[in-house]
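Asker: Encoded as structure tokens, here's the structure I'll be asking about.
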Amino acid sequence: MTPAQLSRTVLRTVRRAAGDGALGELSPGALEALDGLPERITVGRPPRPGCGDYATNAALRLAAVTGRPARSVAEVLRERLAREAGIAEVAVAGPGFLNITVAGGARAELVEALAARDGEYALVERTDPARDVRGWAAATGGEPGPGLLEQREANPLFLVQYAHARARALLRGARALGFAPEAGAGGYAYDAPREAELLGALAEYERIAALGDTGRLARCLETVADGLLGIHASVLPVGEHKPLAAHRARLALAQAAGTVLAGGLSRLGVTAPVHL
């Protein structure tokens, strides 16, 4: 389940709850205000790890329109959202936020959707250091100084390009071992903490890219790069071990991360290297 799909599910649930009387009788003014809700209801990453895959302010926004307590509205939406396909759990947090955990199959759908875009972006064998430094500095509002040429993880430009190159190396390594990426192989749920964190960052990419804020996009890519480097050691089998379903599933996650990194770097005018 992609963030866009979940957003549509949340909006559909809000409209149904308001339309079938679950929130009581609404005034004409409240019904009119419902038309403006879609632009103000957001679905994004929870503020803290371990609070589900996504969070939404739908109940708070609907409470402002209906005049009902936000927690009461949240309970109505929680019960309905929990019955939707692809959603495993919904919890009410704080004044009325909804924290949503998607089912393992829904996580696999997101990985598959992102990995399927592999090949859309131009890749290069090596970086173009001068161009890339200028592009990254322009995107982040920094100075194109020598620090952006240093090959160390403290250099965000190097971190993102290195992570992309690692994703490509993992795909090459898998081909050499005779296996290919397969999202959700064997029912793999992507519920390990580091995998869930990486998925959260990947899920945010399209929304952030659409904002046109290059600095924020660069930070998103740094988070994706950190996440990929946090799981890359578990993607390929070690030694004489044979590839398992888990390896195919993790490889698809690495491929999805590489695709997002390539797309983000392209938007910033920076090369996505195959080797580094």
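Asker: Among (1) open to solvent by 80 Å² or more (accessible area, probe 1.4 Å); (2) under 24 Å from Thr259 (Cβ atoms), where does Ala139 come up short?
Answerer: Of everything listed in (1) open to solvent by 80 Å² or more (accessible area, probe 1.4 Å); (2) under 24 Å from Thr259 (Cβ atoms), Ala139 misses just condition (1).
Asker: Something else: Contact list please: Cβ distance under 6 Å, first residue in segment 1-23 and under 17 Å from Ile87 (Cα atoms), second residue at pLDDT below 85, pairs at least six apart or on different chains.
Answerer: Pairs that qualify, where the first residue is under 17 Å from Ile87 (Cα atoms) and the partner is at pLDDT below 85, are Leu11/Pro38.
Asker: Please verify whether Gly50 is open to solvent by less than 20 Å² (accessible area, probe 1.4 Å), within 26 Å of Thr223 (Cα to Cα) and modelled with pLDDT under 90, treating the condition exactly as stated.
Answerer: no
Asker: Do you know which of the residues in segment 213-238 that are open to solvent by 60 Å² or more (accessible area, probe 1.4 Å) and not in a helix (DSSP H, G or I) is farthest from Ser7 (Cα to Cα)?
Answerer: Val238
Asker: For segment 172-192, give me the residue count where each residue is touching a residue at least 60 places away in the same chain (Cβ under 8 Å) and either surrounded by 20 or more Cβ atoms within 10 Å (Cβ to Cβ) or under 24 Å from Ala88 (Cβ atoms) (or both).
Answerer: Count: 12.
Asker: Suppose we filter segment 136-148 for residues that are in a helix (DSSP H, G or I) and under 28 Å from the mean Cα position of the chain (by Cα); how many remain?
Answerer: The qualifying residues number 6.
Asker: Output the residue which, of all residues in segment 245-259 that are small (Gly, Ala, Ser) and in contact with a helix residue (DSSP H, G or I) (Cβ under 6 Å, 6 or more places away or on another chain), is surrounded by the fewest Cβ atoms within 10 Å (Cβ to Cβ).
Answerer: Per the criteria, the residue is Ala245.
Asker: Moving on to the next point. Identify all residues within segment 80-90 that are without any contact (Cβ under 8 Å) to a residue 40 or more places away in the chain and either among the aliphatic types (A, V, I, L, M) or part of a loop (DSSP other than H, G, I, E, B) (or both); write none if there are none.
Answerer: The answer is Ala82, Arg83, Ala85, Ala88, Val90.
Asker: Are there any pairs, at least 6 apart or on different chains, whose C-beta atoms fall under 7 Å, with the first in segment 109-124 and more than 19 Å from Ala169 (Cβ to Cβ) and open to solvent by less than 50 Å² (accessible area, probe 1.4 Å) and the second part of a loop (DSSP other than H, G, I, E, B) and β-branched (Val, Ile, Thr), and if so, which?
Answerer: Within 7 Å, the pairs are Leu110/Thr2; Ala113/Thr2.
Asker: Please verify whether segment 185-197 includes one or more residues that are of a type in the set (Asp, Glu), over 22 Å from Thr101 (Cα atoms) and not in a helix (DSSP H, G or I).
Answerer: No, every residue in segment 185-197 fails to be of a type in the set (Asp, Glu), over 22 Å from Thr101 (Cα atoms) and not in a helix (DSSP H, G or I).
Asker: Just a yes or no: is a residue in segment 150-158 touching a helix residue (DSSP H, G or I) at 6+ places or on another chain (Cβ under 8 Å), open to solvent by 40 Å² or more (accessible area, probe 1.4 Å) and farther than 27 Å from Pro49 by Cβ?
Answerer: yes
Asker: Does Leu276 fit the bill of being in a loop (DSSP other than H, G, I, E, B), at pLDDT below 95, crowded, with 16+ Cβ neighbours inside 10 Å and in contact with a helix residue (DSSP H, G or I) (Cβ under 6 Å, 6 or more places away or on another chain)?
Answerer: When the stated conditions are applied, Leu276 passes them.
The values are calculated or read from the model by the stated rules, or taken from the named source; none is laboratory data. None of the values given here were measured: they were computed from a predicted structure. Reconstructed Cβ throughout: ideal geometry from the backbone, glycine too, with neighbour counts over all protein chains shown. Areas reflect the complete protein model, heavy atoms only, side chains present, ligands, DNA and RNA absent. Shrake-Rupley method; radii C 1.70, N 1.55, O 1.52, S 1.80 Å.
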